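The structure appears right after this line, and notes come after that.
Any read-out appearing in this document is the output of simple, stated calculations on the displayed coordinates, not a laboratory observation. Every value quoted in this text rests on a predicted model; they were computed, and no experiment measured them. All Cβ positions, glycine included, derive from the backbone under ideal geometry; neighbour counts span all protein chains shown.
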Amino acid sequence: MAKVFRIALTGAPCSGKTSAIERLAADFYNESRDVFICTEAAYEVIAEGCSRDDYLVFETEVAKKQIQNEDELLKRAYNSEKQETVIFYDRTVTDCFSYVDDRDALAKSIGMGIVDSWSRYDAIIMLEAVERSGYFCTSSRIENYETALACQDKLLDVMVGHPHLRYVKSNDSFDKKYASVKAEIDSVLSGY
């Protein structure tokens with residue numbers, strides 16, 4: 001059975017999570033280490049036609065899909081033939097709590113609260129929002145810059161307390177930010 005490291009990246013929209021994870025997967029894969037990526041469940045839920053009109057309903061569906069995806073990937077990771085496996089998560093179940101006003105209702109719907117959700121990740125690395133000049137919207141990223149900063153504050157509210165939360169400040173370039181993320185992950189992997 002492989003040793004499994006569960007490392008989540010989170011942060012405001014356009015903070016570089018997905019881009020960092022793609023590079024991390026290539027940088028950390030080697031002969032003795034498998035790497036898996038758990039993609040952001042919100043994209044799947046949107047593609048399935050779930051509306052964002054009611055954020056409690058939407059985030060409940062996202063959380064359920066995230067849990068399902070994570071559980072399936074964790075089984076695959078433990079069955080890897082390599083010595084160790086790293087799973088990089090693009091967002092977390094915990095993120096869903098930051099988007100709703102009634103966190104108790106979400107906890108009841110998915111069968112776990114914020115603190116319980118932390119146990120799904122050995123480390124959470126939160127990427128700070130990019131500067132306004134680097135922010136851009138897409139068809140699935142509908143938040144403007146001010147809303148993205150508010151998202152960041154709400155994410156911090158639900159993440160602070162995780163025993164291995166790391167915060168990576170935004171830098172002048174994505175390469176510098178990525179180097180900081182990679183250093184944090186090296187630290188996590190060497191500490192276990």
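Throw me the Rg/Rh for the range 1-109, computed over C-alpha atoms with Kirkwood Rh, two decimals.
Ratio of gyration radius to Kirkwood radius: 1.02.
In µm²/s, what is D for the chain at 37 °C and 0.692 mPa s, where D = kT/(6 pi eta Rh) by Stokes-Einstein and Rh is the Kirkwood radius from Cα pairs?
In µm²/s, the coefficient rounds to 193.
Computed over the Cα atoms of the range 12-67, what is the ratio Rg over Rh, Rh following Kirkwood?
1.11
In the chain, which longest range has no GluC sites (Glu not before Pro) that are both DSSP loop (not H, G, I, E or B) and surrounded by at most 13 other Cβ atoms within 10 Å?
Longest gap between qualifying sites, sites excluded: 132-192.
Taking H placed 1.01 Å from N in the peptide plane, check which residues at least 5 places from ASN171 or on another chain put their amide H under 5 Å from its amide H.
Here LYS177 satisfy the definition.
State which entries of LYS65/LYS108; LYS82/LYS177; LYS17/LYS177; LYS17/LYS182; LYS3/LYS82 exceed 18 angstrom in Cα-Cα distance in the structure shown.
Correct reply: LYS82/LYS177.
For a quick check: with amide H placed at 1.01 Å from N, whose amide H comes under 5 Å from ALA129's, ignoring anything fewer than 5 positions away on the same chain?
Those qualifying (amide H under 5 Å, at least 5 residues apart or on another chain) are ALA12.
Please tell me the relative contact order of the chain in percent, rounded to the nearest whole number, where contacts are Cα pairs under 8 Å and at least six residues apart.
32 percent
Can you give me the C-alpha center-to-center distance between the range 148-185 and the range 17-35, rounded to a whole angstrom?
18 Å
Determine, for each peptide in 50-58, 149-157, the mean count of other beta carbons within 10 angstrom over its residues, then list the peptides with the highest first.
So the order, starting with the most tightly packed, is 149-157, 50-58.
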